[in-house]
Structure formats: structure tokens, C-alpha cells
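**Q** Quick one: structure below, then a few questions.
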Amino acid sequence: MRLLLAIILLLIAPHTTRPKVASYLALGDSYTIGEAVDSNDRYPVQALHLIADARPEIIATTGWTTGNLLDALAAARPAGDYQAVSLLIGVNNQYQGRSQAEYREQFIALLKAAIGLAGNRPSHVLVLSIPDYSVTPFARKGNTARIAAQIDSFNAINSGIAAMYKVNYLDVTTESRKAGADPSLIAADGLHFSGKEYAIWARLMEPWLSTTLAQR
């Protein structure tokens with residue numbers, strides 16, 4: 001009798017389980033693929049896990065510039081119509097000394113592709129700002145002030161383009177700079193960010209991702 005009652009209560013209770021279908025594509029470079037951290041600590045993985053019992057699709061590789069990501073998208077030819085697409089790219093353009101004009105042109109192409117992959121719904125696309133690696137031990141051998149200023153310049157470009165195309169924009173640069181005073185936010189390689197830092201980004205992404213995934 002108790003078992004029957006428990007089953008009845010379960011059937012009539014409000015549906016509170018997490019969605020098991022969530023198509024989220026994350027595009028980027030070393031930060032998106034989670035260089036030097038466990039695969040479960042990647043920020044796209046952590047963000048989606050806050051909402052759904054699913055894993056994102058990721059197209060990202062350490063060292064990629066905007067040009068590399070464009071080539072990878074052309075080769076991968078993802079099917080599209082994702083519920084959510086995020087884009088974080090540009091640190092290697094800065095690190096390699098590539099021009100901001102090239103970055104602007106290629107970032108626009110990538111953002112247009114991201115919007116298309118999201119079913120031509122700009123609200124389903126999120127651009128993340130480039131984090132500032134000048135606070136890492138790796139960068140201390142260089143001109144950290146110059147690195148930070150250049151990161152800001154590249155972010156001024158991607159934020160302006162994001163506004164132009166009416167997609168969502170998330171500043172993770174400010175959070176990344178806190179790693180200068182907190183070594184636990186930096187990965188063991190001394191260059192990238194830790195799973196703890198990516199958890200912060202994931203929580204910042206959660207409102208957008210939750211709303212977006214609820215809209216079929």
C-alpha cells in the first residue's frame with residue numbers, strides 16, 4: 001500500500017527533473033577546450049551541467065586564432081539549429097601579434113556563422129570576452145601592462161560587433177583579472193585558468209543558457 005501511494009505521489013508531483021536534451025555548441029580556443037584542466041572542468045561543461053543532464057558539443061583547440069576557428073568550422077560543417085551557441089576567441093590573435101583589422105573581419109564572419117548555427121536567432125548566441133592572461137605567472141616575463149591593454153583593445157572590437165549583431169555578451173575579463181591575487185584560479189601550467197575560475201564563468205552564463213535552452 002505504501003509503495004502504491006509513493007508511486008501515485010510521484011506521478012502527480014510537479015515535474016522537476018532537469019532537461020535531458022540540450023543542444024549547446026561552444027566555439028573557441030584553449031579556454032573553451034579547457035587546456036590544463038579536467039574535461040569536466042571546462043566552462044561549457046560546467047555551465048550546461050548546472051541546467052541539464054547533457055554535455056555540450058565543443059569545437060575548440062589550444063592555439064587557435066579566429067582564422068583557425070573559421071577553417072575548423074568549414075571542415076566540421078556542424079549541422080546547425082543548436083539551442084545555444086557561445087563564442088570566445090581572440091587571445092591567440094593578440095599573442096601572435098595579428099592585426100586588429102584581421103580580427104574584426106574574421107570575428108564578424110565567425111559571429112555570423114554562430115548566429116546561423118543557432119537557427120538565425122541572435123538571442124541564442126553568447127559572446128564571451130577574452131580573459132586577461134597578463135595576471136598569470138607565464139606572462140610575468142613579458143610586458144603585462146601592454147598585454148592587458150591589448151586584450152582590452154580586442155575586447156572593444158568583439159563587444160562592439162556583438163552589440164551590432166544583437167547577441168548576448170558576457171564580460172569574463174574582469175573575473176579573470178582576480179586570478180592575479182588568487183593563485184587557485186590559475187591552472188597548474190601557469191598560463192591558463194583553473195576549473196575554479198571556469199566555475200565562476202559557468203555561473204555567470206547560467207541565466208542566459210537556462211533561458212535559451214527553455215526556448216525551443
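The values are calculated or read from the model by the stated rules, or taken from the named source; none is laboratory data. What you are looking at is a predicted structure, and each value in this text was computed from that prediction instead of being measured. Backbone-built Cβ (ideal geometry, glycine too); neighbour counts: all protein chains shown. Note: accessible area is taken over every heavy atom of the protein model, side chains too, but ligands, DNA and RNA are not part of it. Shrake-Rupley method; radii C 1.70, N 1.55, O 1.52, S 1.80 Å.
**Q** Looking at region 52-81 only, could you name the residues that are in contact (Cβ under 8 Å) with a residue 40 or more places away in the chain and buried (at least 22 other Cβ atoms within 10 Å of the Cβ)?
**A** T66, L69 - these are the residues of region 52-81 that are in contact (Cβ under 8 Å) with a residue 40 or more places away in the chain and buried (at least 22 other Cβ atoms within 10 Å of the Cβ).
**Q** Next question. Scan region 92-104 for residues that are over 18 Å from I115 (Cα atoms) and open to solvent by 10 Å² or more (accessible area, probe 1.4 Å) and jot them down.
**A** Matches in region 92-104: N92, Q94, Y95, Q96, G97, R98, S99, Q100, A101, E102.
**Q** Residues in region 130-143: is at least one hydrophobic (A, V, I, L, M, F, W, C), in a helix (DSSP H, G or I) and surrounded by 15 or more Cβ atoms within 10 Å (Cβ to Cβ)?
**A** yes
**Q** Checking the structure you have, find out if any residue of region 148-161 is closer than 21 Å to Q83 by Cα, charged (D, E, K, R) and open to solvent by 50 Å² or more (accessible area, probe 1.4 Å).
**A** No, because not a single residue in region 148-161 is closer than 21 Å to Q83 by Cα, charged (D, E, K, R) and open to solvent by 50 Å² or more (accessible area, probe 1.4 Å).
**Q** Would you pick out the residues in region 32-44 that are open to solvent by less than 20 Å² (accessible area, probe 1.4 Å) and free of Cβ contacts under 8 Å to residues at least 12 places away in the same chain? I'd like the intermediate steps shown before the answer.
**A** Of the residues in region 32-44, the ones open to solvent by less than 20 Å² (accessible area, probe 1.4 Å) are 32, 34, 43-44.
Selection gives nothing.
**Q** Which pairs turn up if I take residues in region 163-185 that are crowded, with 18+ Cβ neighbours inside 10 Å and look for partners that are outside any strand (DSSP E or B) and basic (K, R) with beta carbon separation below 8 Å, at least 6 apart in sequence or on another chain?
**A** L185/K178; L185/K196
**Q** On the given criteria, is G119 out of contact with any strand residue (DSSP E or B) (no Cβ under 6 Å at 6 or more places or on another chain), of a type outside the set (F, W, Y) and closer than 26 Å to Q215 by Cβ?
**A** Criteria met by G119.
**Q** When you scan region 44-70, how many residues do you find that are in a helix (DSSP H, G or I), of a type outside the set (V, I, T) and within 24 Å of I108 (Cβ to Cβ)?
**A** 5
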